[in-house]
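Data first, discussion second: the structure below is written as structure tokens.
The values are calculated or read from the model by the stated rules, or taken from the named source; none is laboratory data. Keep in mind that this is a model prediction, so the values were computed, not measured. Cβ: placed from backbone, ideal geometry, glycine included. Neighbour counts: every protein chain shown. The accessibility values were calculated without ligands, DNA or RNA, using every heavy atom of the protein model including side chains. Shrake-Rupley method; radii C 1.70, N 1.55, O 1.52, S 1.80 Å.
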Amino acid sequence: MTKTDQQDLSVLTAAKNGLVYLTPNDWALIVDKAARVRFKAGDNIVERDRRTHGVYLLLRGAAAVQIPPFTSPTIGPGEICGELSFLDELPASASVVAQGPIEAYYLDRPTLQSLFELFPHLASRFYRSLATNLARRLRDLIAAKPEPTIRTRTAASKKQS
């Protein structure tokens, strides 16, 4: 394992909002099979209404998760994106846009599936981690809900109808 791989593993395992149930061995298997990708500021990592066909694990940089009309939360090193589209094989529900230079690992569905077939316990820990992340993100989204935009009719507008 190279020094870069070791640094990447330390970023992934130390992330507060990362895939918390994965073991160091799980991470080593994932890093070995993942493709390293780079994005520039403003690039779409995930584009809303398009399928991702895999997941991205951020190593360096930050990205905004855009889900109108909500405020854009930011994700950073050790966090995952594209997981919802990966899970249900439907288009992404949000866009994820690089706020600056990004380095990430990309794992496509066939690569993950082959890893999961070889190492079923890895699959269990991976999906448990995804469930925990999605639950946390849903709670955060609910807590930051926008003000309702439904307008009620005033007494004057009711008389005009």
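Structure summary
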item: Scan of segment 19-41 for residues that are open to solvent by 80 Å² or more (accessible area, probe 1.4 Å) and among the small types (G, A, S), ordered by number; result: none
item: Enumeration of residues in segment 34-92 that are over 16 Å from V11 (Cβ atoms) and of a type in the set (K, R); result: K40, R48, R50, R51
item: Checking F70 against (1) open to solvent by less than 30 Å² (accessible area, probe 1.4 Å); (2) in contact (Cβ under 8 Å) with a residue 60 or more places away in the chain, the condition it does not meet; result: (1)
item: Residue list for segment 51-66, restricted to those being modelled with pLDDT of 95 or more, within 19 Å of L87 (Cα to Cα) and open to solvent by 20 Å² or more (accessible area, probe 1.4 Å); result: Y56
item: Among (1) open to solvent by 60 Å² or more (accessible area, probe 1.4 Å); (2) without any contact (Cβ under 8 Å) to a residue 60 or more places away in the chain, the one test that K16 misses; result: (2)
item: Which listed residue is of a type in the set (D, E, K, R), open to solvent by 10 Å² or more (accessible area, probe 1.4 Å) and closer than 19 Å to K33 by Cβ, from E103, E89; result: E103
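Table: residues versus (1) modelled with pLDDT under 85; (2) over 19 Å from the mean Cα position of the chain (by Cα); (3) surrounded by 10 or more Cβ atoms within 10 Å (Cβ to Cβ).
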{"position": "H121", "(1), (2), (3)": "no, yes, yes"}
{"position": "R125", "(1), (2), (3)": "no, no, yes"}
{"position": "L130", "(1), (2), (3)": "no, no, yes"}
{"position": "L134", "(1), (2), (3)": "no, no, yes"}
{"position": "R139", "(1), (2), (3)": "no, no, yes"}
{"position": "A144", "(1), (2), (3)": "yes, no, yes"}
{"position": "T149", "(1), (2), (3)": "yes, yes, no"}
{"position": "S157", "(1), (2), (3)": "yes, yes, yes"}
